[in-house]
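The values are calculated or read from the model by the stated rules, or taken from the named source; none is laboratory data. Since the structure is predicted, the reported quantities are computational estimates derived from the model, not experimental observations. Virtual Cβ from ideal backbone geometry, glycine too; neighbours counted across all protein chains shown.
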Amino acid sequence: MSDVYHFEAGTAPLLISIPHLGSQIPGSLQPRLTEFGLRSGDTDWHLDRLYAFAKKLGASFLWARYSRYVVDLNRPPNDENLYPGQAKTGLCPTHTFDGQPLYLDGAETIDDAERETRRQHYWQPYHDQLRHEIDRLRAKHDKVLVWEAHSIASIIPRLFDGKLPDLNIGTAGGRSCNPAMEDAIRNQLDNVNAYTWAINGRFKGGYITRQYGAPDQNIHAIQLEMCQSTYMDETYPYAWRDNEAGQVASVVERLVNAAYQQL
């Protein structure tokens, strides 16, 4: 068992990765953080619960225990901007998505040594386990689907204009998965009336989707960034909404199944 991540090994060639589910803040860091930082508000809340349907498919599950405010597992280790020209949240963020400071005055400096320590202690173990599980599943099944599960507040002016579409599929512009998978997802979304959606719009897939998706090696990666308004309260204390969550979970299940059936 790891204190950095939670892992459940499945039997099917499907891995559900939830790198932003963690909300824990290390005790050594807590005295430096503002109330916004301690709340870990930009967590992808409840996604382990929303994706519980994948257990019946035999999926493996990997999710973070610690907050993205400690280190962002879906950012490259060199902290390059995945969306040039747009606001960058960073490997070790200093502000919330909407611009609130995470650190108390005088405590916001994250030098190279601290950043590297966080990367080694929190970022690297997650990616080592992710790679290990992909390799294990590929050796057993030949083909693997990595589904990157994410959620975000529906309105964040600092990051995007207006309201985000409810369901945002990212395939790195079609490079991270078999085209048939993207087509199958699109066909499902075309029949969804309750939610707005986009494919490779504002969110094209983060570091994990881009780094691990290798269709030529039979490793397919797809990211779903969904609005939190579809299943929970977007304000503190970020409560789960049973009715809304049940409705959107059924749609997400169809999307995962549609891609999975193309393996």
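Data for the structure
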read-out: Residue in the stretch 99-122 that is within 23 Å of L14 (Cβ to Cβ) and of a type outside the set (A, V, I, L, M, F, W, C) present; value: no
read-out: For I185: the one exception among (1) of a type outside the set (S, T, N, Q); (2) on the phi < 0 side of the Ramachandran plot; (3) out of contact with any helix residue (DSSP H, G or I) (no Cβ under 7 Å at 6 or more places or on another chain); value: (3)
read-out: Subset tally (residues that are part of a strand (DSSP E or B) and of a type in the set (S, T, N, Q)) for the stretch 222-239; value: 1
read-out: Number of positions in the stretch 1-18 that are in a loop (DSSP other than H, G, I, E, B), farther than 12 Å from V70 by Cβ and in contact with a strand residue (DSSP E or B) (Cβ under 9 Å, 6 or more places away or on another chain); value: 7
read-out: Those residues of the stretch 110-151 which are more than 16 Å from the chain's Cα centre (by Cα) and of a type in the set (G, A, S), in sequence order; value: A113, A139
read-out: Verdict on N74 being over 23 Å from D242 (Cα atoms) and either without any contact (Cβ under 8 Å) to a residue 24 or more places away in the chain or not in a loop (DSSP other than H, G, I, E, B) (or both); value: no
read-out: Residues satisfying the stated conditions in the stretch 127-157, i.e. more than 30 Å from T235 (Cα to Cα) and acidic (D, E); value: D128, E133, D135, D142
read-out: One residue from G174, G162, G205, G201 being in a loop (DSSP other than H, G, I, E, B), within 21 Å of Y51 (Cα to Cα) and not hydrophobic (A, V, I, L, M, F, W, C); value: G205
read-out: Considering residues of the stretch 59-109 that are modelled with pLDDT under 90 and among the hydroxyl-bearing types (S, T, Y) only, the residue farthest from the chain's Cα centre (by Cα); value: T109
read-out: Extreme residue, surrounded by the fewest Cβ atoms within 10 Å (Cβ to Cβ), among residues of the stretch 221-249 that are among the polar types (S, T, N, Q) and over 21 Å from L159 (Cα atoms); value: N243
